[in-house]
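See below for the structure under consideration.
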Amino acid sequence: MQLSVPLRVTDLVKTYRTPGKPPLEAVKGVSFEVASGECLGLLGPNGAGKSTTMKCITGFFQPTCGEVTILGHDVHRDPREARRGLGVCAQDDNLDTDFSVLDQMVQFGVYFGINRREGERRSLELLRRFGLLDKKDELVEELSGGMRRRLQVARSLINQPKVLVLDEPTTGLDPEARRVLWDILAEERRKGLAILLSTHYMEEAERLCDRVAIIHLGKIVTVGDPRALIEREMGSVPVREEIRPGFPIERLPNLEDVYLKLTGARLSTGVAFS
């Protein structure tokens with residue numbers, strides 16, 4: 001494999017088998033590549049197969065068949081080498097609450113052979129970028145949910161990976177924290193990082209992704225430019241506000257703010273108010 005395509009997934013299948021029940025094929029022959037400096041988004045409803053695909057890529061699940069290679073190394077035949085160049089932010093909170101924020105980062109770096117001095121240097125820089133530097137001496141369990149999510153993403157970059165897998169990384173983040181994370185990921189992508197991103201936010205896909213793959217019932221049904229897919233699949237979304245006579249206009253909520261609170265996204269292509 002050429003390093004310009006550090007992540008390649010070929011004919012990935014994952015079937016769950018439970019005694020007394022018919023086999024459940026959660027992923028059905030998924031194939032894609034992510035190039036250096038590219039962000040590929042995986043979009044789809046709950047149960048579509050996004051998280052199962054992610055877990056097969058990161059080595060958490062053994063696929064039924066198919067191949068996943070990272071920097072030329074098969075994730076399941078040569079996991080140690082494959083994971084050297086891999087950063088992962090799982091959907092679930094898997095932080096160790098017994099550590100301080102800084103020690104959480106440094107100890108995670110040890111898994112990649114990073115000595116403590118270098119680990120502290122990298123950790124402090126990442127905590128600064130993610131707005132967590134003033135929390136470095138606090139225990140992880142004392143952080144808010146949004147801060148813990150930011151820490152998970154920061155931790156995934158400690159080994160300076162070539163491939164970053166993010167499973168719904170902005171879940172639980174307020175809009176401002178989400179935008180900060182977007183800026184950091186966009187910067188990393190410009191440096192050549194290959195990013196695979198699972199998300200429910202259309203604005204996030206439009207903002208970060210070069211391509212979007214729509215996955216449904218375990219299969220990729222279409223791949224394309226996120227803006228074009230939004231326009232084609234969503235069209236316009238009309239929202240009507242009725243005002244009774246005598247209603248004080250100054251009490252009318254800003255519809256863009258309402259939309260932001262409901263969806264976690266700002267108005268973008270294909271969404272219009274009337």
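The values are calculated or read from the model by the stated rules, or taken from the named source; none is laboratory data. Quick caveat, the model's predicted, so the values are computed rather than measured. No Cβ is skipped: glycine too gets one built from the backbone with ideal geometry, and neighbour counts run over all protein chains shown. When the accessible area is computed, the model is the full protein with side chains, heavy atoms only, and any ligands, DNA or RNA have been set aside. Shrake-Rupley method; radii C 1.70, N 1.55, O 1.52, S 1.80 Å.
Here are a few things to note about the model shown:
- Region 97-207: Rg to Rh, with Rh as the Kirkwood radius over Cα pairs: 0.95
- The overall shape of region 13-89, judged from the alpha-carbon gyration tensor, is oblate: a/c is not under 1.5, and a/b is no greater than b/c.
- Gain in span if fully extended, Cys65 to Arg232, counting 0.36 nm per residue against the direct Cα distance: 56.8 nm
- Note that region 1-97 presents 50 Å² accessible area per residue, ligands and nucleic acids not counted, probe 1.4 Å.
- Rg ratio (alpha-carbon, reference 2.2 N^0.38 Å) - region 1-136: 1.24
- Label point of Glu125 set 7 angstrom out along Cα-Cβ; within region 184-205, amide nitrogens under 16 Å from it belong to 184-185, 187-193.
- You can think of it this way: the chain between Asp74 and Gln160 has 29.0 nm of extra reach, that is 0.36 nm per residue less the Cα-Cα gap.
- Percent accessible area from carbon and sulfur atoms, region 39-157, protein chains only, probe 1.4 Å: 46
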